[in-house]
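Worksheet: the structure to be examined is printed underneath.
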């Protein structure tokens, strides 16, 4: 499926995802939080919907505390922009090193909804699905 919408908006959405991934790799909760709307929803396998930026950040910080290293890389699927809203699919590669020395590689998919506020794109909803997980 081919993307739709202006190149500028699609580029800015890519930058949003890159900002998110960069913050994950740097364990930077403040930078990571800035990518979400106040009323965002993050849907995680086994946890369901986590609603509101504050709750999302709390869950993220708890999860991140288990890792000593996270490699987090995205590959874009289609991005569809319609005015100040958009949707996209992202495929994610995760290389997770636990504080306990364990290692796991995960391939996942995000289905995203975005909203543009004052010229900046934010995550409104992210639905994550694990496609493959391997423990080393």
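We did not get these values from a lab; they are worked out from the coordinates using the rules stated. Computed from a prediction, not measured in an experiment: that's the story for all the values here. Cβ coordinates were reconstructed from backbone atoms using ideal geometry, including for glycine residues, and neighbour counts include every protein chain displayed.
List of remarks:
- Assessment of the stretch 5-19 against the conditions (farther than 17 Å from residue 116 by Cβ and either in a helix (DSSP H, G or I) or in contact with a strand residue (DSSP E or B) (Cβ under 7 Å, 6 or more places away or on another chain) (or both)) yields no matching residue.
- Qualifying residue in the stretch 103-117 (condition: free of Cβ contacts under 8 Å to residues at least 40 places away in the same chain, over 26 Å from residue 134 (Cα atoms) and part of a helix (DSSP H, G or I)): no
- Any chance residue 98 is in contact with a strand residue (DSSP E or B) (Cβ under 9 Å, 6 or more places away or on another chain) and surrounded by fewer than 17 Cβ atoms within 10 Å (Cβ to Cβ): yes
- Residues satisfying the stated conditions in the stretch 84-102, i.e. farther than 20 Å from residue 40 by Cα and either touching a helix residue (DSSP H, G or I) at 6+ places or on another chain (Cβ under 7 Å) or not in a strand (DSSP E or B) (or both): 99, 100, 101, 102
- Residue 86 being in contact with a strand residue (DSSP E or B) (Cβ under 9 Å, 6 or more places away or on another chain) and touching a residue at least 60 places away in the same chain (Cβ under 8 Å): yes
- Residues of the stretch 64-83 classified as in contact with a strand residue (DSSP E or B) (Cβ under 9 Å, 6 or more places away or on another chain), assigned to a loop (DSSP other than H, G, I, E, B) and under 16 Å from residue 24 (Cα atoms), total: 1
- Scanning the stretch 35-63 for residues that are in contact (Cβ under 8 Å) with a residue 12 or more places away in the chain, out of contact with any strand residue (DSSP E or B) (no Cβ under 6 Å at 6 or more places or on another chain), more than 14 Å from residue 124 (Cβ to Cβ) and surrounded by fewer than 16 Cβ atoms within 10 Å (Cβ to Cβ) yields 47, 61.
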